[in-house]
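Q: Before we start, here is the structure in question, set down as structure tokens.
The values are calculated or read from the model by the stated rules, or taken from the named source; none is laboratory data. These numbers were taken from a predicted model, which means no experiment stands behind them. Heads up: the accessible areas ignore ligands, DNA and RNA and are worked out on the full protein's heavy atoms, side chains in. Shrake-Rupley method; radii C 1.70, N 1.55, O 1.52, S 1.80 Å.
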Amino acid sequence: MNKRGIGTRFEQLAARYLEERGYRILETNYRCRKGEIDIVARDGIYLVFCEVKYRTDEEAGDPMEAVGGRKQARIIHTARYYLLSHGLPEETPCRFDVVGIAKGHMTLMKNAFES
């Protein structure tokens, strides 16, 4: 299986994991010219933009640490475009979450970073 196929599989697992925690999935693999967001969901009043990171082994590091400053900036920029393109006000309560997957275990970090 290629990298994209593996990524899609883990994103689907993460979407189910989020649904089990009460999230309502709106979109997966949202893409635009600004970037990509793995999962867009609703969690209560929040519109959640979620990044999914997985690691196949310990040598690759902790997946929760894989969303650095540049990646965060790209996600924030893409989220702003999402709001604009969907006619949502800038004041929409938003949150940026990360789901880390390693050794078959998933970890959710709510509000992993702020815009």
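Q: Any chance you could give the angle, 0 to 90 degrees and rounded to 10, that helix 3-20 forms with the longest Cα principal axis of the chain?
A: Helix 3-20 sits roughly 70 degrees off the main axis of the chain.
Q: Moving on. Could you give the angle, 0 to 90 degrees to the nearest 10, between helix 69-85's Cα long axis and the longest principal axis of the Cα atoms of the chain?
A: The angle comes out near 40 degrees.
Q: Additional query: Counting only heavy atoms of protein chains, what accessible area per residue, in Å², does the chain have with a probe of 1.4 Å?
A: 60
Q: Okay, moving on. Return the sequence-ordered ³J(HN,Hα) values of the stretch 34-44 in whole Hz as given by the Karplus equation 6.51 cos²θ - 1.76 cosθ + 1.60 applied to θ = phi - 60°, using x for Gly and Pro.
A: 7, x, 9, 10, 5, 9, 10, 8, 10, 9, x
Q: Just to check I understand the Karplus step: with θ = phi - 60° and J = 6.51 cos²θ - 1.76 cosθ + 1.60, what whole-Hz values come out for the stretch 102-110, glycine and proline as x?
A: With the stated coefficients, the stretch 102-110 comes to 8, 6, x, 10, 10, 10, 10, 10, 6 Hz.
Q: Give me the count of lysine pairs in the chain whose alpha carbons sit under 19 angstrom apart, restricted to pairs 8 or more positions apart or on different chains.
A: 8
Q: Ranked from the most accessible area to the least, with a 1.4 Å probe and all protein chains present, what is the order of R95, R70? Numbers along the way, then the final one.
A: Details: R95 20, R70 215 Å².
These residues rank, largest area first, as R70, R95.
Q: Please give the contour-minus-distance gain from T8 to N111: 0.36 nm per residue of separation, less the Cα-Cα distance, rounded to one decimal in nm.
A: 34.8 nm
Q: Moving on. State the percentage of accessible surface on the chain attributable to carbon and sulfur atoms; use a 1.4 Å probe and exclude ligands, DNA and RNA.
A: In the chain, the share of accessible area belonging to carbon and sulfur is 47 percent.
Q: For R80 and E36 in one chain, what is 0.36 nm times their gap in residues minus the Cα-Cα distance, to one decimal in nm?
A: Working it through step by step, the gained length comes to 14.7 nm.
Q: To continue, here is another question. Please report the orientation-averaged projected area of the chain, defined via the convex hull of its C-alpha atoms, in nm². Write out the running numbers ahead of the final one.
A: Details: hull surface 28.4 nm².
That works out to 7.1 nm², a quarter of the Cα hull's surface.
Q: Per the helix-only calculation at 222 nm, which mean residue ellipticity applies to the chain, given -39500 (n - 2.57) for every DSSP H run of n ≥ 4 and division by its residues, nearest 500 deg cm²/dmol?
A: -10500 deg cm²/dmol
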